[in-house]
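The next block holds one structure in the form of structure tokens; read it before the comments.
The values are calculated or read from the model by the stated rules, or taken from the named source; none is laboratory data. None of these values were measured; they are calculated from a predicted model. Glycine also receives a Cβ, built like all others from the backbone with ideal geometry; neighbour counts cover every protein chain displayed. Just the protein is used for accessible areas: all its heavy atoms, side chains included, with ligands, DNA and RNA removed. Shrake-Rupley method; radii C 1.70, N 1.55, O 1.52, S 1.80 Å.
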Amino acid sequence: LLHGKGIFRLRPAHHKNGNIPVLFDNTIPPVGWQILFRNTFRHRVAGMRFSIFLAKFRHLFSADFFPKIRSCLALLDDAEIWWRSNQHSNSIGNLILHLSGNVRQWSVSGLGGATDERLRDTEFKARGGMTQSELLQQLEATLEEAVTTLQSLEPDSPERTFQVQAYEVTGLQAI
């Protein structure tokens, strides 16, 4: 982790609530902090901690990210949502389709094992055809499906390896 001009690393520290990761300066060699982070991560994310992480993630999706997108789209009519400054640019509608496709591919298909039916090129080729309401409904349904998928994951899923697109990633990287 970079902080200001110095590099800070995670290490376990004693705290009245237990052993929690804190930041400190450059005193553990790189391999050492990676091992400490990995062990701390396993300890903190496993079991109940992973469910807390997912609860926070769900809250961010439903109470922060999606409402912001919805409120921004509410300021635009359908023509503005699909407007492009030139033929090489993407419209807001294209970006909503892309976000929906990407979340579904990485979370629902990549982590959850659902069939990947994404047609990425069509996300960017679209020149309309969906209203503001339809775009929001699609994105909301995708986000709900992703959250449901994440809630069904096993506690060791953040450390397991998954194949998403052409990449081999850990569950945490995919999330």
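A few comments on the model shown:
- Set against the 2.2 N^0.38 Å expectation for a compact globular protein, region 43-175 has a Cα radius of gyration ratio of 1.15.
- Förster-model FRET efficiency, 25 Å R0, E80 and E117, C-beta, rounded to 0.05: 0.30
- Summary value for region 91-161: 45 percent relative contact order, contacts being C-alpha pairs under 8 angstrom separated by 6+ residues.
- Distance from the C-alpha centroid of region 67-127 to that of region 130-175: 15 Å, rounded to the whole angstrom.
- Residue-count net charge about R70 - beta-carbon cut-off 12 Å; Lys, Arg +1, Asp, Glu -1: -1
- Environment charge of I175, counting only residues whose C-beta is closer than 13 Å and scoring Lys/Arg +1, Asp/Glu -1: +2
- Surface accessible to a 1.4 Å probe, per residue, for the residues of region 49-143, Å²: 58
- Per-residue 3J(HN,Hα) values for region 110-115, derived from phi via the Karplus relation 6.51 cos²θ - 1.76 cosθ + 1.60 with θ = phi - 60°, read x, 8, x, x, 5, 4 Hz in sequence order (x marks Gly and Pro).
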